[in-house]
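The values are calculated or read from the model by the stated rules, or taken from the named source; none is laboratory data. Since this is a predicted model, take the numbers as computed values, not measurements. All Cβ positions, glycine included, derive from the backbone under ideal geometry; neighbour counts span all protein chains shown.
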Amino acid sequence: MRAQHLRPFGLEVRDLALNRLDTHSIKAVRELICRHRVVVFRNQQMDATGFADVLMLLGEMMFTDGEIAVDGEPRLNLVTNVGRTRPPRSVFHTDTSYVARPPAFTALQAVHVPQKGGATLFSDQVRVAAKLPAATRAWLALRSIRHAWLQPDGTMAKTWHPALRRHAETGETALFLSTPERCDRISDTDDATGARVIAALYQRSIRASELYRHHWCAGDIVVWDDRLTMHRADHSAVEGERVFYRGMVLGEHPVPAQGSCADKQRNHVPELITTGMMH
């Protein structure tokens with residue numbers, strides 16, 4: 001196996017066939033993903049069932065309601081621009097965060113890579129949390145964010161998750177966030193203030209200089225830790241078919257990061273929107 005660090009974060013792995021790994025080796029792969037947030041496995045040769053079987057070694061798989069399953073492989077869903085009259089819309093988000101146990105990992109297998117464009121971008125939510133002002137972190141440590149999504153059947157899926165989440169395997173603290181379209185409230189905060197804080201946190205998370213941009217190659221499988229990242233696809237200027245298989249591995253119930261905060265800070269909103277947050 002050959003590994004190379006990516007910038008500003010992530011890991012590229014070559015000369016490792018995921019579909020030939022034993023249980024011990026898969027444990028090491030899982031640790032790599034947790035440690036590096038995003039891992040790119042190059043030159044992987046397997047069909048959809050082989051891909052799903054590899055993900056099953058990482059844990060129980062889950063499927064998002066409303067997605068289109070891959071023909072013949074119901075554990076995976078299809079991500080494609082084929083047959084669309086306009087480019088798909090993608091914003092930075094965390095996959096399926098509006099359920100009680102969001103995914104631990106998401107993986108994409110490249111099926112058709114476009115001749116141009118179609119990169120996937122990632123944010124490091126551990127780095128984001130670490131760089132927040134101390135007063136902001138203390139305030140967030142006492143709060144949860146409501147993640148919500150209108151499901152295909154017209155019902156609203158919604159659940160509360162800690163704003164600062166402790167990673168179950170590494171112990172790291174991450175800002176657990178998704179697009180503001182799916183994060184609609186902060187606990188113990190009025191709606192207007194909550195919306196402003198979520199918007200500010202989101203913009204702080206997606207600064208271009210701190211993102212990893214993955215340019216796809218044939219044979220790529222990319223696995224990322226949903227507990228530590230957000231991501232989006234760049235559909236601008238795509239030329240050619242962009243087709244992937246996507247699989248998700250079930251995660252645990254999010255646990256809040258440990259931290260302390262003086263009582264006087266419980267209801268006092270620090271300078272999240274002005275100087276403290278955006279510098």
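Points to keep in mind about this one:
- Residues of segment 188-202 satisfying the condition of being loosely packed, with under 13 Cβ neighbours inside 10 Å and of a type outside the set (Asp, Glu): 192
Each row is one residue, and each column tells you yes or no for (1) within 26 Å of residue 132 (Cα to Cα); (2) in a loop (DSSP other than H, G, I, E, B).
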| position | (1), (2) |
| --- | --- |
| 179 | yes, yes |
| 188 | yes, yes |
| 193 | yes, no |
| 209 | yes, no |
| 216 | no, yes |
| 222 | no, no |
| 231 | yes, no |
| 235 | no, yes |
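- Scanning segment 49-74 for residues that are under 17 Å from residue 19 (Cα atoms), among the charged types (D, E, K, R) and touching an Asp or Glu at 6+ places or on another chain (Cβ under 9 Å) turns up just one, 73.
- If the condition is being under 20 Å from residue 120 (Cβ atoms) and either surrounded by fewer than 16 Cβ atoms within 10 Å (Cβ to Cβ) or of a type in the set (S, T, N, Q) (or both), then segment 36-62 contributes 43, 44.
- Candidate set: segment 65-98, residues that are among the hydroxyl-bearing types (Ser, Thr, Tyr) and over 14 Å from the mean Cα position of the chain (by Cα); chosen: the one modelled with the lowest pLDDT: 85
- Here 4, 44 are screened, and the one residue that is over 21 Å from the mean Cα position of the chain (by Cα) and in a loop (DSSP other than H, G, I, E, B) is 44.
- Within segment 99-111, restricting attention to residues that are part of a loop (DSSP other than H, G, I, E, B) and more than 11 Å from the chain's Cα centre (by Cα), the residue that is surrounded by the most Cβ atoms within 10 Å (Cβ to Cβ) is 99.
- Residue in segment 1-35 that is surrounded by the most Cβ atoms within 10 Å (Cβ to Cβ), counting only those that are within 22 Å of residue 217 (Cβ to Cβ), basic (Lys, Arg) and in contact (Cβ under 8 Å) with a residue 12 or more places away in the chain: 14
- Residues that are assigned to a helix (DSSP H, G or I) and within 16 Å of residue 55 (Cβ to Cβ) were ranked within segment 7-27; the one that is modelled with the lowest pLDDT is 23.
- Within segment 49-61, the set of residues being over 12 Å from residue 107 (Cα atoms) and hydrophobic (A, V, I, L, M, F, W, C) comprises just one member, 57.
- Count of segment 132-164 residues which are closer than 27 Å to residue 66 by Cα, under 15 Å from the mean Cα position of the chain (by Cα) and not in a loop (DSSP other than H, G, I, E, B): 2
- Matching entry among 255, 249 (being touching a Phe, Trp or Tyr at 6+ places or on another chain (Cβ under 6 Å), farther than 22 Å from residue 6 by Cα, at pLDDT 95 or above and aliphatic (A, V, I, L, M)): 249
- Among the residues making up segment 128-154, those that are surrounded by fewer than 18 Cβ atoms within 10 Å (Cβ to Cβ) and within 21 Å of residue 171 (Cβ to Cβ) are 130, 131, 134.
- Sole residue being free of Cβ contacts under 8 Å to residues at least 12 places away in the same chain and either farther than 28 Å from residue 165 by Cα or assigned to a loop (DSSP other than H, G, I, E, B) (or both), chosen from 64, 49, 96, 85: 85
- Filtering segment 152-206 to residues that are among the aliphatic types (A, V, I, L, M) and free of Cβ contacts under 8 Å to residues at least 12 places away in the same chain leaves 156, 192.
- Consider segment 231-246 and keep the residues that are of a type in the set (A, V, I, L, M, F, W, C) and at pLDDT 95 or above. The one that is nearest to residue 145 (Cα to Cα) is 233.
- Residue check, residue 239 more than 24 Å from residue 73 (Cα to Cα) and surrounded by 14 or more Cβ atoms within 10 Å (Cβ to Cβ): no
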